[in-house]
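Engineer: Attaching a single structure in structure tokens format; questions to follow.
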Amino acid sequence: MRIGIGSDIHRLQPGDGMKIGGVLIPCEFGCIAVSDGDVLLHALVDALLGATGAGDIGERYPESRVAPGEDSARYVREVLADLKGVRVENVDCIVHLEQPKLSPWKDAIRHSLAGLLGIESGQVGVKAKTAEGLDAVGRGEAVAVQVVVLIGLPSE
Ligand code: MG
């Protein structure tokens, strides 16, 4: 078994929604990013890469090679394909966001992540926390995510 950790933070700006874990959350904000700005999928990619000592998302997908608005699910699929035979045991995520409240979307995010990873939604945890008005997240200037993933290697 191997464990990986990933985190990411994106600045927010006025907009018409942000993608979190492959789910478009309708709100009056959007992420500032070159890709679709899916902060959770970026952290997930780093967790998967970290679990296998395979570098990080910035090395693998430098901004110069990212197409504007491109679907971050591609990064997850490609990294999984490279980690041949690796099985994801579970993934747990914390989304730090002041607003909107993510409660109505957490199950959809879990199902989306489970689909991407080829696992059951019971193997995916998604928690949402505000920052109580503190720091950049608390001021509504950013969304941040932490992810841990446990994987099994093919030989095990
Ligand atoms: Mg990112």
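No value in this document is a laboratory result; all are computed from the given coordinates. These numbers were taken from a predicted model, which means no experiment stands behind them. Glycine also receives a Cβ, built like all others from the backbone with ideal geometry; neighbour counts cover every protein chain displayed.
Engineer: Rounded to the nearest whole Å³, what is the per residue volume of the convex hull around the Cα atoms of the stretch 89-156? Numbers along the way, then the final one.
Structural biologist: Values: hull volume 6.1 nm³, N = 68.
For the stretch 89-156, the hull spanned by Cα atoms encloses 89 Å³ per residue.
Engineer: Could you calculate the FRET efficiency of Ala54 with Asp135 from 1/(1 + (r/R0)^6), where r is the beta carbon distance between them and R0 is 30 Å, rounded to 0.05? Walk me through the numbers on the way to the answer.
Structural biologist: Values: r = 31 Å, r/R0 = 1.02.
For R0 = 30 Å, the calculated efficiency reads 0.45.
Engineer: Have a look at Val23, Ala43, Ala136 and report the one farthest towards the positive end of the charge dipole of the stretch 19-156, computed about the Cα centre with Cβ charges (Lys/Arg +1, Asp/Glu -1).
Structural biologist: So the residue we want is Val23.
Engineer: Which of the GluC sites (Glu not before Pro) across the stretch 45-134 are loop residues per DSSP, with 12 or fewer other Cβ within 10 Å? Write out the running numbers ahead of the final one.
Structural biologist: Numbers: sites: Glu59, Glu63, Glu70, Glu78, Glu89, Glu98, Glu120, Glu132; in loops: Glu70, Glu98, Glu120, Glu132.
Of the GluC sites (Glu not before Pro), the ones in loops of the stretch 45-134 whose Cβ has at most 12 other Cβ atoms within 10 Å are Glu120, Glu132.
Engineer: Turning to a different aspect of this structure: Among the aspartates and glutamates, select those whose C-alpha is under 16 Å from the C-alpha of Lys101, and discard any that sit fewer than 8 residues away in the same chain.
Structural biologist: Candidates past the 8-residue exclusion: Asp16, Glu28, Glu132, Glu141.
Engineer: Let's test this: bin the Cα-Cα distances of the chain at 5 Å from zero up to the farthest pair and state each bin's percent.
Structural biologist: Histogram of Cα-Cα distances, whole percents per bin: 2, 10, 20, 24, 20, 14, 7, 2, 1, 0.
Engineer: Still on this structure: If the only charges are +1 at each Lys and Arg Cβ and -1 at each Asp and Glu Cβ, what is the size of the charge dipole of the chain around the Cα centre, to the nearest 20 debye? List each step's numbers first, then the result.
Structural biologist: Numbers: 15 positive and 22 negative charges, 53 e Å.
Here the size comes out at about 260 debye.
Engineer: How about the stretch 119-156: which trypsin sites (Lys or Arg not before Pro) there are in a DSSP loop, with at most 13 other Cβ atoms within 10 Å of their Cβ?
Structural biologist: Numbers: sites: Lys127, Lys129, Arg139; in loops: Arg139.
Of the trypsin sites (Lys or Arg not before Pro), the ones in loops of the stretch 119-156 whose Cβ has at most 13 other Cβ atoms within 10 Å are Arg139.
Engineer: Just want the answer: with Cβ charges of +1 for Lys and Arg and -1 for Asp and Glu, which residue in Val34, Pro62, Met1 is farthest toward the dipole's positive end in the chain?
Structural biologist: So the residue we want is Met1.
Engineer: Antiparallel versus total DSSP beta bridges in the stretch 1-151: what percent is that, nearest 5? Can you show the working numbers first?
Structural biologist: On the way: 24 of 30 bridges.
Roughly 80 percent of the DSSP beta bridges within the stretch 1-151 come out antiparallel.
Engineer: Treat the stretch 51-116 as a sphere of radius equal to its Kirkwood radius over Cα pairs and apply Stokes-Einstein at 10 °C in a medium of 1.306 mPa s; give the translational diffusion coefficient in µm²/s, rounded to a whole number.
Structural biologist: Working: Rh = 14.4 Å.
Once the numbers are plugged in, D ends up at 111 µm²/s.
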